[in-house]
Amino acid sequence: MPNPYSLSPLERKELGRLFVLVFDNMLTAFSLREALWQMEDESIVDVGDAVVVTRNAEGKVRLHQSLPLAAAGSAFGSIGGMVLGMMVLNPLFGSVAGAVAGATAGALADVGINDEFMKELGETLKPGTSALLVAVRKTKPELVLERLQPFAGSCRILQCEMTAENEVLLRRLLEGEAARRTAAPG
């Protein structure tokens, strides 16, 4: 299986630590990704990339990227082209040319987690299941664990890059050990 990142070590450090979570259904991965985006808005976590990989009942694998690269490239290119167009006194032409160039660059760029790695992972999923691949740059661990409580026992962690102590806490929460311990009579 190829390296999950198609980046140099310096670029990989910028993208962040990789977490791979597998779910028994196709919806929970999307819900957790939404929760991570909410936490990012609140400065609890800094997400470099978050992709949901699904395998439907027929076995077809789909990658649900967190940011459509062609659209982002088009927007940035359009703004840059408009500025260039103003310099040559034709902002409309510059905006159109910039949007085309940006969309092309965005479509050709493979920023973040390696698509080939994600597709190969998707082929290993059972039909009707999903995985969430998240690259995290920095977190406030105690707040993240608190906000992940609604997802207790919902997944299996395939990969997790963090301190051993925090990994144990995360696994207990997401894989359900903590939930089973508190539910047991005693």
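The values are calculated or read from the model by the stated rules, or taken from the named source; none is laboratory data. Predicted, not measured: the structure shown is a model, and the values here were computed from it. Cβ atoms come from the backbone with ideal geometry, glycine included; neighbour counts cover every protein chain shown.
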Members of region 123-143 that are among the hydroxyl-bearing types (Ser, Thr, Tyr) and assigned to a strand (DSSP E or B): Thr129, Ser130, Thr139
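Got a sec? Which of Gly128, Gly122 is at pLDDT 85 or above, out of contact with any Gly (no Cβ under 6 Å at 6 or more places or on another chain), on the phi > 0 side of the Ramachandran plot and in the same structural domain as Ser31 (by TED's automatic domain parsing)?
On the way: Gly122 fails: on the phi > 0 side of the Ramachandran plot.
On inspection, the qualifying residue turns out to be Gly128.
Taking Leu32, is it at pLDDT 85 or above, assigned to a helix (DSSP H, G or I), surrounded by 19 or more Cβ atoms within 10 Å (Cβ to Cβ) and in contact with a Phe, Trp or Tyr (Cβ under 9 Å, 6 or more places away or on another chain)?
Numbers: at pLDDT 85 or above: yes; assigned to a helix (DSSP H, G or I): yes; surrounded by 19 or more Cβ atoms within 10 Å (Cβ to Cβ): yes; in contact with a Phe, Trp or Tyr (Cβ under 9 Å, 6 or more places away or on another chain): yes.
Against the criterion (at pLDDT 85 or above, assigned to a helix (DSSP H, G or I), surrounded by 19 or more Cβ atoms within 10 Å (Cβ to Cβ) and in contact with a Phe, Trp or Tyr (Cβ under 9 Å, 6 or more places away or on another chain)), Leu32 qualifies.
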